[in-house]
Structures are given as C-alpha cells and as structure tokens.
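Here is the structure we will look at.
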Amino acid sequence: MVKDAESEPRRQRRYAETRQRLISAALRLVIREGGEALTTVQLTQAAGIAQSGFYRYFDGVEACLTAAVEPVAERVLEEIADSRNALYSVMSEGIGRSAAHYQTVLELATAEPDIARLLVTHRFEKSPVGRVMTRVVDSAVADLVHDIEALGAARGLSLVRENVEVSARIIVVAVLGGIEERLERPNRSTRLIGEALAQMCKAVIAGLFDAAQGP
C-alpha cells in the first residue's frame, strides 16, 4: 500500500512532464512550420514519445495546439493591454506619453519575436492557432470598446456602439501592424512607430467624439 501511494505522485509527475513535452513540441512546430497541417506523428516524434501514447494526453491535434498557443495568447493580451493605457494617455496626457505606452507594446517584437510572429502571421488562418489568435484580437477589441465608451461617458457623450467597435478594431489592427513593422524592420525606431500609433489613435478617438457631439 505504501509503495502504491508513493508511485502515484511519480505517475502524475511523469504524465505532466510528457504532456508538457508535447505542448512544447507543438509550439516549436507551429513557430517553424505553421499549425494547419500538423499531425500526431510530427508531434510525438518532436516530443520523443510513441505515437500510440498521444491520445493519453490529448483528444486530438487541435487540443494539443490549443494548449500550446493559449498561454502565448495570454502573453500577447498582457502586452496589448498596455495599448489601452495609451488610449487614456493620448486623451489626457498628450502624444508623448501615449507613444511611450505603444513603444512598450512594440517591444514584444524585440523581446519575443516568435510570439509576436505567431500573432501577426496566423491570426487570419482557419486553423486551431488562427482561432486562438482571433480570440486574442477579439478580446483586445472588446476591452478597448469598453474603455472608449467609458471615456465618452466621462465627457457626457452617447456613443453609437457600432462606431465604437469599428474604431476599436482600427486601433487594435494598427497596433498589430506596428508590431509587424517592427518584426519586418527591426532597425525601425520604436519611438517613430509609437508616435505614429499615438497620432492615429488620437485622430480616431477625436473623430468618434466629434461625431457624437454633432454639428
């Protein structure tokens, strides 16, 4: 009985370690080859386990890919959240402070280029990776919609939800474009890109608020 009790934690530990090897292998393969055509053969070979053992850990390739990409998505969301701080700054503290917030977001491309490339490369794919990245973008847009509406309410404005959603998506897509620009041109100044994003954000929000105020 004591032996069995001692072996159970070891089994759980081996299970967790092997599952993590599959997750790590999935992330490496997605970064290197994309996620649309991955197979259990590729995943198990990369993880160094028997193919027959794959379904002990995941129901299928999509479940494994989702487990690999979702933590990446959370990391990206944390970075994109800083662009929400830029929204408040551009309306209250000016372009300079807002640009500094955007520069922080752009550093994702420098600090973790593989994560950044996953987002900008796969977000339109009809694949498990693409679906997770689409959720990241949609979540960022929803958060920004909430922030814009709060800013409008503080100014006594009644904003049209559809207009707010369009404005929020324009800003998020522009931030992704800034990340992509940094990836493709690593020597490009983050200050320059950050200032351009801040100017764009200010113009979008100002136009939205002006429309709400009427003629």
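The values are calculated or read from the model by the stated rules, or taken from the named source; none is laboratory data. Remember, predicted model here, so these are calculated numbers, not experimental data. Glycine gets a Cβ as well: all are built from the backbone with ideal geometry, and neighbour counts include every protein chain shown.
For V41, the conditions (1) loosely packed, with under 14 Cβ neighbours inside 10 Å; (2) assigned to a loop (DSSP other than H, G, I, E, B); (3) β-branched (V, I, T) all hold with the exception of (2).
Looking at segment 148-156, is at least one residue surrounded by fewer than 22 Cβ atoms within 10 Å (Cβ to Cβ), touching a Phe, Trp or Tyr at 6+ places or on another chain (Cβ under 8 Å) and of a type in the set (D, E, K, R)? There is at least one residue in segment 148-156 that is surrounded by fewer than 22 Cβ atoms within 10 Å (Cβ to Cβ), touching a Phe, Trp or Tyr at 6+ places or on another chain (Cβ under 8 Å) and of a type in the set (D, E, K, R). Note on segment 107-157: residues that are among the polar types (S, T, N, Q), over 9 Å from the mean Cα position of the chain (by Cα) and within 21 Å of V61 (Cα to Cα) amount to 2. Selection of helices (runs of 4 or more DSSP H) fully inside segment 107-202 by the criterion of at least 2 residues being without any contact (Cβ under 8 Å) to a residue 40 or more places away in the chain and within 23 Å of V72 (Cα to Cα) returns 128-154, 161-184.
Whether a residue is at pLDDT below 75, crowded, with 22+ Cβ neighbours inside 10 Å, in a helix (DSSP H, G or I) and touching a Gly at 6+ places or on another chain (Cβ under 7 Å) was assessed, and A86 does not pass this test.
Screening segment 27-40 for residues that are among the hydrophobic types (A, V, I, L, M, F, W, C) and within 16 Å of A63 (Cβ to Cβ) and picking the one that is farthest from the chain's Cα centre (by Cα) gives L38.
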